[in-house]
Amino acid sequence: MRAVPHIVRHIQLAFLPLVSGLLLCTTSLAAGIEVSVDRNQATIGEHIVLSVKVEGDRGATPELPNLSAFDVHSRGQSTQMQIINGAVSSSVAYNYILVPKKTGTFTIGPAKVAIDGNLYQSRPFTLTVLAASDAPQDQSRIFLDAKVSTLTPYVG
């Protein structure tokens, strides 16, 4: 009966460094903010998907740049967490739909976020909004030929 507590003690000592290492590695590797759009050109009536990715602090909320030329609608957020070789990284992507109010070329300034007392900024980018009549027309033709697999189909 004395061997069982001795084995349990060795198991506890073997897992102690592992648990301590996981607790100490809860900091993120990288911190920052990144902004991306699904396209840089749209027409009136179309929408643009804007994604603001904050890395390093899942509780940090980004400050959006001036988007007065667009109606902005939140599409929620998604969270990602990774543990690779004991290093923990996390990010939150805030998703928005931008609906243009007017035509023109708009330079969108940087989004900002404060993480651990440091201010991070994304890069500015340009969006072009065209009138619906100025939309590029697709000149390719599509031909579709469909056939059924049986000539005597039945319901059910």
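Values as computed for the structure displayed
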quantity	calculated
Full-stretch length increase - THR152, VAL88 - with 0.36 nm per residue and alpha-carbon distance subtracted	17.1 nm
Residues with amide H under 5 Å from that of PHE70, placed H, sequence gap 5 or more	LYS101
Where labels lie 7 Å past Cα in the beta-carbon direction, separation of ALA131 and GLN41 in nm	1.7
Point-to-point label distance, LYS101-ASP145, nm (Cα→Cβ direction, 7 Å offset)	5.2
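All of the numbers you see were taken from the coordinates with simple rules; none came from a lab. Because the structure is predicted, anything quoted here is derived from the model rather than measured. Counting neighbours? That spans all protein chains shown, and the Cβs are built from the backbone with ideal geometry, glycine included.
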